[in-house]
1. For Val138 paired with Arg56, estimate the spin-label separation in nm (one decimal), with each label point 7 Å from Cα along the Cα-to-Cβ line.
2. Say each of Glu88 and Arg64 gets a label point 7 Å from the Cα, pointing the same way as Cα to Cβ; how far apart are those two points in nm?
3. Just to confirm the filter: which trypsin sites (Lys or Arg not before Pro) across the range 106-140 are DSSP coil and have at most 14 other Cβ within 10 angstrom of their Cβ?
Amino acid sequence: MATSPRRDSWLPWVIAGGVVALLAFVVIPVVVMAAGGWDMGMHRGGDDARGDAPVRGGMQVEVRIEDFRFKPGNLIVPVGASVTWTNEDSAPHDARDNDDAWETETLSRGDSETLTFDTPGEYDYYCTIHPGMKARLVVE
């Protein structure tokens, strides 16, 4: 009795489906995680800039937010200084002190907010939307 070719035609499709599933659920996630994770684009974690060389600012200082990074990321200002954060990224950002002593509003591209620092201290801060974005502000 001859076997119909149609009966065996499903086998290549099952094999192809298995290969696609293997790629989608095993190989691709392993490669992506090994390369640094899914943290890409608008939802990437950002850069920790606290280790940058410190920048000494005056009474009026601007911190640019660009490329998911605070610039400068390690800033020293005198007591009474005003610091303005300006978002130059396409993604929204904010800045919040780790101890919740201060924070900016969420800033869209082109938005700015200025805070005045009357109390000496060291403030490590971050973007609540992209928690990997970190910086340090020292008021002395």
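Only the coordinates and a few stated rules stand behind these numbers; no lab work does. Source: prediction; values computed, not measured. Reconstructed Cβ throughout: ideal geometry from the backbone, glycine too, with neighbour counts over all protein chains shown.
1. Computed distance between label sites Val138 and Arg56 equals 1.0 nm.
2. With each label point 7 Å from Cα toward Cβ, the separation is 0.2 nm.
3. Listed in order of number, the matching sites are Arg109.
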